[in-house]
Amino acid sequence: MNPTPLLRRSALALGLALCGALGATVQAGTLVINTDASDPAPKAAWEYLAKSFMAAHPDVTVKINTFDHEGFKTSLRNFLTAEAPDVVSWYAGNRMAPFVQAGLFEDVSDLWTRDGLHDKLKSAAPSMTLNGKQWGVPYTYYPWGIYYRKDLFAKHGLAMPKTWKELLAVSVKLKAAGITPFAIGTKALWPSGGWFDYLNMRVNGHAFHMALTSGQVPYTDARVVAVFDRWDELVRPGYFLANHAAIDWQDAIPAFVKGEAAMYLMGNFAVDLMKKGGLSEAQLGFMPFPKIADLPQAEDAPTDTAHIPSKSRNKADARRFLAWMARAEVQARMNEILGQLPVNREAARPADTYLKEGFTLLSNAQGLGQFYDRDAPAEMAKAGMEGFQRYMVKPDSRKEVLERLESVRKRVYK
Amino acid sequence: MPATGAQGHDGWWQRHQRALAPWLFLAPAAAMFLLYVVLPIGQSMRLSLYDWDGLGTPVWVGLANYVELASDPDFHVALKNSLIWLLGFLLAVPMGLGLALLLNQTVFGIRAIKSLFFFPFVISQVVIGLVFTWFYNPALGLVDKLFGLFGQADLAVLADEDLVTYAIVAAGLYPQIAYCMILYLTGLNSIRPDLIEAARLEGAKGWQMLWHVVLPQLRPASFIAVVVTVVGSLRSFDMVAVMTAGGPYGSSRVLAYYMYEKALSEYGYRMGYGTAIATVLFAIMLVYILFVLWRIYRQERELG
């Protein structure tokens, strides 16, 4: 059923006419790439990628179109169905699912088998696999963990906590010294998702995280309630920055830099801002999220990917391009520019202290989450993170929040 | 004109020219209006009966989207907030009138002062939203300092589910008052001095003068001020998007923003559900629009 057959048809005709016009001017061997790499570092990384590819493949001309993040999310849907480029950047996990289900991304399993990517890109393979096939190539990810103020810990005679008990003990002492244990800003919602992910993966493990985000477990399940029992131990004594719902994650950094808060559960991208705020490597430490239950260690590591649209008109070169992107030395150099981690495990290790620690952390992980809002479908993710934020502001709403999430889950995964 | 053969046609044209001409002149605009306004409205309403993610084939679901709306707590919040916006925003009309009366003087430099008061309306809504977000910042904001004087320090207005909508409405009022003020200032220019004179001779002054002599003459200005304010309040979107993005946990959503979230935002792409919200918003506006049309119609008949 199509609600707007006439308009659709005329739009299609227009699109085809445009394609025809473009097709006449574009020579064979041109590869069109659409990305949302609009920030300086990602932009430079993609430019390097295009240049290095063209140097190795002189018969191909690469053309990159850069979109801003928000605009890209909308226009992706348009250009995938109408005038498709040859390669697009996107994200792993459930984020790519709608496009795979709609048949808009090309199956690149052949590339994975041919180049041995199942082994080289092992850590990200599960999040690139859907219906038993691979739908793109991952090129970068970054670790999450707790950044903490080494100097403050030393001043108050505290050691880096390795277990939940130790974390609580450290929090009690920090609070008593007038320091808020955790910096956080949940205005954009997702930072609350990070906390839920880590508590959930530490209490119930990675398999449960995947089961929950794919809708197989009710939110009223005793295991989810157990996660909130742990969370209660931090929320109720006020271990998070007050008024966190009013500020963004960047706005919480000044409190961390000024020493009003001592720890910050965040992605590696926050380090840059923390350093700019004046923290030296002697002051800024990194620790894995402490152990809670005796489980294999799992981490959040959101992965960025590249895909070939089904409607690409130059799939042969697009495949060569993706194969190039998967190479160890290319990923090493790209991530050096990005300040993130290469997914290819044969790539050279990063030099940066925090990335090095993150690299070790991720290489030893038994499972990687993509982050709550990438593993869960969009609508569930939104309701979930809103619920987490509400709970963090009003811990008494916990039961109500979980019941609401359960009703959303029933509708979303029907 | 050729004299023969076209005689009958000519006659018909001559007879109906006066009746047809306005319609012919209206035709281009009417066609545009049909194509770009009426048709899309119909399409949206139709889409609200489908489940569609914007990519696959839409699935017919009948009234399911509306049934879901009826029991959707987020929708209830958005509806309630839209009503708060509607009522709160109407304050701009009397406040604009007050300012206009205050500034309607003939003093040296009053033009410059008037334009200063008009300034908020010239600034983009997005900028006003940002500036007010800073005002409301619990750590550094101006409002926090004010609250501090009354012992209410560290009140994060934009993170408080009970206060957040009022706080955004207050920010929205800032440019809207200026707009109403300018409407009233123009209205005040066309007030008949002889009527004022006459009223003064009769001994009217103060409130009496305002209520019985000035306000009736400002009726057209009041009418337009109320119209733009109501429409502005119902389509309030930018302030909410900039200041809170509907937060905390969805408590500052309004209908227009909720529609955007469900249909077009990062976590949305439920086109059918989004258009169902849009249809409800349209129905609410329709009540008001019909009232306005009826009034205009009645006025025209009075004049004609």
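The values are calculated or read from the model by the stated rules, or taken from the named source; none is laboratory data. Just so you know, these numbers come straight off a predicted model, no measurement behind them. All Cβ positions, even for glycine, are placed from backbone atoms using ideal geometry, and neighbour counts span all protein chains on display. What goes into the accessible areas is simple: the full protein's heavy atoms, side chains included, and nothing from ligands, DNA or RNA. Shrake-Rupley method; radii C 1.70, N 1.55, O 1.52, S 1.80 Å.
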Kindly provide the helix-only [θ] at 222 nm of chain B, computed as the sum of -39,500 (n - 2.57) over DSSP H runs of four or more divided by all residues, to the nearest 500 deg cm²/dmol? -22000 deg cm²/dmol
Using a simple spin-label model with points 7 Å from Cα along the Cα→Cβ vector, what separation in nm is obtained for B:Ala64 and B:Leu140? 4.9
Does the range B:34-137 classify as rounded, prolate or oblate by the C-alpha gyration tensor (a ≥ b ≥ c root eigenvalues; a/c under 1.5 gives rounded; else a/b over b/c gives prolate, otherwise oblate)? prolate
Explain nothing, just the number: dipole magnitude of chain B about its Cα centre with +1 on each Lys and Arg Cβ and -1 on each Asp and Glu Cβ, in debye rounded to the nearest 20. 1120
When only DSSP loop residues count, what trypsin sites (Lys or Arg not before Pro) in the range A:86-193 have their Cβ near at most 15 other Cβ atoms within 10 Å? A:Lys162
Links that overshoot a 32 Å alpha carbon limit, given the list A:Lys133/A:Lys394; A:Lys187/A:Lys311; A:Lys43/A:Lys356; A:Lys410/B:Lys80; A:Lys173/A:Lys275: A:Lys133/A:Lys394; A:Lys187/A:Lys311
Taking a crude spin-label model, label points 7 Å out from Cα along the C-beta direction, the A:Arg349 to A:Lys258 distance in nm is 3.8
With labels modelled as points extended 7 Å from the Cα through the Cβ direction, what inter-label distance (nm, one decimal) is found for A:Asp59 paired with B:Tyr297? 7.2
Provide the packing ranking of B:248-256, B:32-40, A:49-57, i.e. peptides ordered by the mean count of other C-beta atoms within 10 Å per residue, highest first. B:248-256, A:49-57, B:32-40
Return the sequence-ordered ³J(HN,Hα) values of the range A:61-67 in whole Hz as given by the Karplus equation 6.51 cos²θ - 1.76 cosθ + 1.60 applied to θ = phi - 60°, using x for Gly and Pro. 9, 9, 10, 9, 9, 9, 10
Whole-Hz ³J(HN,Hα) for each residue in the range B:170-181, computed from phi via Karplus 6.51 cos²θ - 1.76 cosθ + 1.60 with θ = phi - 60°, x for glycine and proline: what do you get? 4, 5, x, 5, 3, x, 5, 4, 4, 5, 4, 4
Heavy atoms of A:Ile179 accessible to a 1.4 Å probe, total area in Å² rounded to 10: 10
At a 10 angstrom cut-off on C-beta neighbours, averaged per residue, how do the peptides B:66-73, A:310-317, B:271-278 rank from highest to lowest? B:271-278, A:310-317, B:66-73
Using the alpha carbon gyration tensor of chain A, what are the three equivalent-ellipsoid semi-axes (square root of 5 times each eigenvalue), largest first, in whole Å? 40, 25, 19
Cut-off under 5 Å, modelled amide H: who pairs with A:Ala188 long-range: A:Trp249
If the reach is capped at under 20 angstrom between alpha carbons, list the aspartates and glutamates near A:Lys291, excluding any in the same chain fewer than eight residues apart. A:Glu166, A:Asp197, A:Asp229, A:Asp232, A:Glu233, A:Glu299, A:Asp300, A:Glu357
Which of the listed residues, A:Asn200, A:Met160, A:Thr186, is farthest toward the dipole's positive end in the range A:107-226, when Lys, Arg count +1 and Asp, Glu count -1 at the beta-carbon? A:Met160
Mind checking B:241-250 for the average number of partner chain beta-carbons within 10 Å of each residue's beta-carbon? 6
Equivalent ellipsoid semi-axes for the protein assembly as shown, as square roots of 5 times the alpha carbon gyration tensor eigenvalues: give them largest first, rounded to whole Å. 52, 38, 24
Rounded to the nearest 0.05, what FRET efficiency is calculated for B:Ser71 and B:Ala199 with R0 set to 45 Å and r the Cβ-Cβ distance? 0.20
Förster radius 41 Å - calculated FRET efficiency between A:Ser397 and A:Phe269, Cβ distance, rounded to 0.05: 0.85
Work out Dmax and Rg for the range A:32-161 from the C-alpha atoms and quote the Rg first, both in angstrom. 19.1, 63
Please arrange B:Glu266, A:Glu281 by accessible surface area, largest first, computed with a 1.4 Å probe and ligands excluded. A:Glu281, B:Glu266
Residues along the range A:228-262 losing 10 Å² or more of accessible surface when the other protein chains are present rather than the chain by itself (probe 1.4 Å): A:Asn243, A:Ala245, A:Ala246, A:Ile247
Can you list residues from other chains, or at least 5 along the same chain, whose modelled amide H is less than 5 Å from the amide H of A:Trp90? A:Thr305, A:Ala306, A:His307
Estimate the FRET efficiency between B:Phe150 and A:Thr360 by the formula 1/(1 + (r/R0)^6), using the beta-carbon distance for r and 51 Å for R0, to the nearest 0.05. 0.45
Shielding of B:50-60 by other chains, given as the mean Cβ count within 10 Å, works out to 4
